[in-house]
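Worksheet: one structure, shown below.
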């Protein structure tokens, strides 16, 4: 099986348990990386402070999605008569724990973000208010029996994204796979571990496992091992700009394995990293939100382009609003947490059937094809059981 003949035609059902804008470390409302809104007039209406953690300048769509929800909510009267005010912290590895701690000390009712799983696992131990994540590694929500666990995934977990990929390629006759991912990255490690377990359970064999260090741009050693093994598929479970460089270098080395990837591909950098996008075109990555078509159209009209994590930002704010209104106050963070956990049949940017015992959402996931460097419409959609 090679890249030219590999086709995905499958519909499977799985249960899915699966930030952003410029700013400084002070309270502010945020729209986008270079767009601000006027803070609410606190003399006219009280405010509801919500923490927002996301990176800058890339991966800004989670926060923009949250701000779309904020705008709609405030225009409709707010939450319990309060206007939503975001308190922004930039998502940085060296300050992530400090940022989360400061947000709690500043009196936020909840935190939206962070985006990266490697940061989310650090926030969990210090979180004493609900945290609605942009991250997707299932394990970051920890043990749901822990009374101090306030973490929720909003997007589909990488565990079941990986399971879907394994099912798809097995159905298409793939029996061998190679995996390349970023060393010590919590997200990437979780994805490849889940993929390997699912693929081997279906009778497949992972013949190459290679890592690279953050910031690497040359992958000759890793790809030499792939070329020698000649696997049917090559899983790249990390992020651009590394992924497009790996794909180009693989084709330059005449490696014919079909490329498959995670939701980390679903980013504008896939289309801007290379001068010629031919090496990344025609291949497939998982998608977090195949049912977000209406939201994607509205978001694209405002911001120009959309990726899967934007819907998670929107839904995170909407879900928080629902939970606070169910409780009827903001005095008890545990009560808000419990109200989030009990939400069923949520319909927003995406649909969530319910949250499982580990606070991961049960929702659809899909697979998209990359054309002209950008993910296209769904070709495979897996609905929750």
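Any read-out appearing in this document is the output of simple, stated calculations on the displayed coordinates, not a laboratory observation. The structure displayed is predicted, hence computed values, not measured ones. Cβ sites come from the backbone with ideal geometry, for glycine too, and all protein chains shown count toward neighbours.
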*Relative to the compact globular guide of 2.2 N^0.38 Å, what is the alpha carbon radius of gyration of the range 294-360, as a ratio?*
1.25
_Nearest-0.05 FRET efficiency for residue 357 and residue 325, computed from C-beta distance (R0 35 Å)_ = 0.90
*Please report the Cα spread of the range 115-262 along all three principal axes, rounded to whole Å, starting with the longest.*
52, 34, 18
*Taking R0 as 30 Å, what's the FRET efficiency between residue 175 and residue 221 from their Cβ-Cβ distance, rounded to 0.05?*
0.75
*Take the Cα pairs of the range 228-290, get the Kirkwood Rh, then feed it into Stokes-Einstein at 37 °C and 0.692 mPa s and tell me D in µm²/s.*
276
*asked:* Based on alpha-carbon atoms only, what is the radius of gyration of the range 180-226 relative to the globular estimate 2.2 N^0.38 Å?
replied: 1.24
*Scattering from the C-alpha atoms of the range 264-335 alone, worked out with Debye: what is log10 I(q)/I(0) at q = 0.16, 0.26, 0.28 1/Å?*
-0.73, -1.17, -1.24
_Contact order normalised by length for the range 211-331, with contacts defined as Cα pairs under 8 Å and 6 or more residues apart; what percent is it?_
20
*asked:* Give me the percent relative contact order of the range 92-141, please, defined on Cα pairs under 8 angstrom at least 6 residues apart.
replied: 40
*What percentages, rounded to whole numbers, describe P(r) for the range 147-197 computed over all alpha carbon pairs with 5 Å bin width beginning at zero?*
4, 17, 22, 23, 15, 10, 4, 3, 1, 0
*asked:* I'd like to compare 160-172, 107-119, 292-304: which one has the highest average count of other Cβ atoms within 10 Å, and what's the full order after that?
replied: 107-119, 160-172, 292-304
_residue 251-residue 294 FRET efficiency (beta carbon distance; Förster radius 45 Å; 0.05 resolution)_ = 0.80
*Within 10 Å of each residue's Cβ, count the other Cβ atoms and sort 270, 322, 253 from fewest upward.*
253, 322, 270
*Kirkwood Rh and Cα Rg combined as Rg over Rh, evaluated for the range 37-131*: 0.98
*Using the reciprocal of the averaged 1/r over all distinct C-alpha pairs, how large is the Kirkwood radius of the range 192-329 in Å?*
17.3
_If you average 1/r across every pair of different Cα atoms in the range 204-248 and take the reciprocal, what Kirkwood value do you get, in Å?_
11.2
